[in-house]
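J.: Let me begin by handing over the structure; questions about it come next.
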Amino acid sequence: MASPAARFEAMLSNIMLTDKERTKAIDTHTYMRDQLERRRHWIKETFLTGSYKRETAIRPLNDVDFFCVVDPDWARGKTPAHIQREVQRVLQEIYPRTTVDRQKHSLGVDFRSQTTNYDVIPAVPTRGYYQIVHRESGDGEFILSNPDAVEREKVAANSQGGPGGRMLQMIRLMKHWNTKNHKKVKSFHLELLCYKAAALLASCSNNREACYRLFQFLSSKVVEDCFVPGVPVAAVSGVQQNNLRDTRTDSQLQNFAGELGAAAREANNALSLERTNPAKAHQIWLSLFGKDVY
């Protein structure tokens, strides 16, 4: 039987995207973005964002996100819902037989034949960041986003978070665990919190210890404010602030903090049993992360 250490390292590989998933995603998003930029003069550029771009997506690849940046002069005076509908029209021209759904922040292109959806996020550049649509109903409103700032934080956290890209490995692992447990918080929220644990992860002697320490860290941090990097914390006129803590209630976050704490205790138990009872350690890791990857 392979050791818990060997099985754990194999699991970190098992949750990564496959080459086939990457190739299909590249082909699809490259064509879609090229067509968007060609068909309307007011679409200025498109660029990848989200977990796929940051290399924190997990298998299976559920979605690929990219910004569709529109001319701010063209967007002036238009409601978020209007901007979203105009981009939707272009996507429906490109894919007349494909469903294009208006979602809270994006337009979801669902090919049915693929497991991966493509989320197109209309964005208006303003003062060094972007206004993106936030639509619960009616005309909607804008929230602020700065993908470049998030990317910079990711790069810094990964460079400081231990050997072998440990930060990205642990982010993917936490996302897998969160998904297995019915996605109690947004994946992006979890990822931003992980960035703050870089020094902690670097101090760990191996990835199993890093997993335990990160569960423990997140259990204390998930109830705190978590603002999107690179946008002003102060309210901007006509724009809703993007505090990811507000996407869940206090009760939901407290309950999730308890689940993270319980996972930390289980991981610590697995670590303590690695030499004396490796079979039990295997069972604990298997219970935490599932037989599909461990």
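J.: Taking the Cα centre of the range 19-64 as the origin and placing charges on Cβ (Lys, Arg +1; Asp, Glu -1), which of ASN62, THR28, TRP42 is farthest toward the positive end of the dipole?
T.: TRP42
J.: Let me ask something else about it. Provide the packing ranking of 277-285, 154-162, i.e. peptides ordered by the mean count of other C-beta atoms within 10 Å per residue, highest first.
T.: Most protected by this proxy first, the peptides run 154-162, 277-285.
J.: Please name whichever of HIS105, ALA270, CYS211 sits farthest to the positive end of the charge dipole of the chain, dipole taken about the Cα centre and charges placed at Cβ: Lys and Arg +1, Asp and Glu -1.
T.: The residue sitting most towards the positive pole is ALA270.
J.: How large is the translational diffusion coefficient of the range 107-223 in µm² per second when you combine the Kirkwood radius over alpha carbon pairs with Stokes-Einstein at 10 °C and 1.306 mPa s?
T.: The Stokes-Einstein estimate is 98 µm²/s.
J.: I would also like to ask the following. Using alpha-carbon pairs under 8 Å, 6+ residues apart, how would you state the relative contact order of the range 67-143 in percent?
T.: Reported relative contact order: 34 percent.
J.: For the range 143-149, take each phi angle, set θ = phi - 60°, evaluate the Karplus expression 6.51 cos²θ - 1.76 cosθ + 1.60, and give the result in whole Hz per residue in order, putting x for glycine and proline.
T.: 10, 9, 8, 8, x, 5, 5
J.: Helix-only mean residue ellipticity at 222 nm, the chain, DSSP H runs n ≥ 4 weighted -39,500 (n - 2.57), per residue, nearest 500. What is it?
T.: -16000 deg cm²/dmol
J.: Something else: Could you tell me the calculated FRET efficiency between TRP42 and ALA5, based on Cβ-Cβ distance and R0 = 51 angstrom, to the nearest 0.05?
T.: 0.40
J.: Can you run phi through the Karplus equation (6.51, -1.76, 1.60; θ = phi - 60°) for the range 155-163 and list ³J(HN,Hα) in whole Hz, with x for Gly and Pro?
T.: 4, 5, 5, 5, 6, 9, x, x, x
J.: Moving on. Using DSSP to define loop residues, name the chymotrypsin sites (Phe, Trp or Tyr not before Pro) in the range 94-159 whose beta-carbon has at most 15 other beta-carbon atoms within 10 Å.
T.: Taking the range 94-159 and a limit of 15 other Cβ atoms within 10 Å, the loop chymotrypsin sites (Phe, Trp or Tyr not before Pro) found are PHE111.
J.: Now a separate question. What's the local net charge at PHE142, with K and R +1, D and E -1, over the other residues with C-beta under 13 Å away?
T.: Charge balance near PHE142 sits at +2.
J.: Report, please, the projected area of the range 171-219 averaged over directions, based on the convex hull of its C-alpha atoms, in nm².
T.: Its Cα hull, projected and averaged over all orientations, spans 3.1 nm².
J.: Working from the alpha-carbon coordinates of the range 150-294, get Rg over Rh, Rh being the Kirkwood radius.
T.: 1.01
J.: Could you work out the relative contact order of the chain? I mean the mean sequence separation of Cα pairs under 8 Å and 6+ apart, divided by the number of residues, in percent.
T.: After rounding, I find 16 percent.
J.: How big is the Rg/Rh ratio for the range 1-158, C-alpha atoms only, Rh by Kirkwood, two decimals?
T.: 1.04
J.: Share of antiparallel DSSP beta bridges in the range 25-172, in percent to the nearest 5?
T.: 75 percent
J.: What's the Cα-based Rg to Rh of the chain, Rh via Kirkwood?
T.: Answer for the chain: 1.00.
J.: Give me the percent of the accessible area of the chain that comes from carbon and sulfur atoms, probe 1.4 Å, all protein chains in place.
T.: For the chain, the apolar C and S fraction of the accessible surface comes to 47 percent.
J.: Still on this structure: Sort SER145, SER113, SER203 from largest to smallest accessible area, using a 1.4 Å probe on the heavy atoms of the protein chains.
T.: Result, largest first: SER113, SER203, SER145.
The values are calculated or read from the model by the stated rules, or taken from the named source; none is laboratory data. Since this is a predicted model, take the numbers as computed values, not measurements. Backbone-built Cβ (ideal geometry, glycine too); neighbour counts: all protein chains shown. Heavy atoms of the whole protein, side chains included, go into the accessibility calculation; ligands, DNA and RNA do not. Shrake-Rupley method; radii C 1.70, N 1.55, O 1.52, S 1.80 Å.
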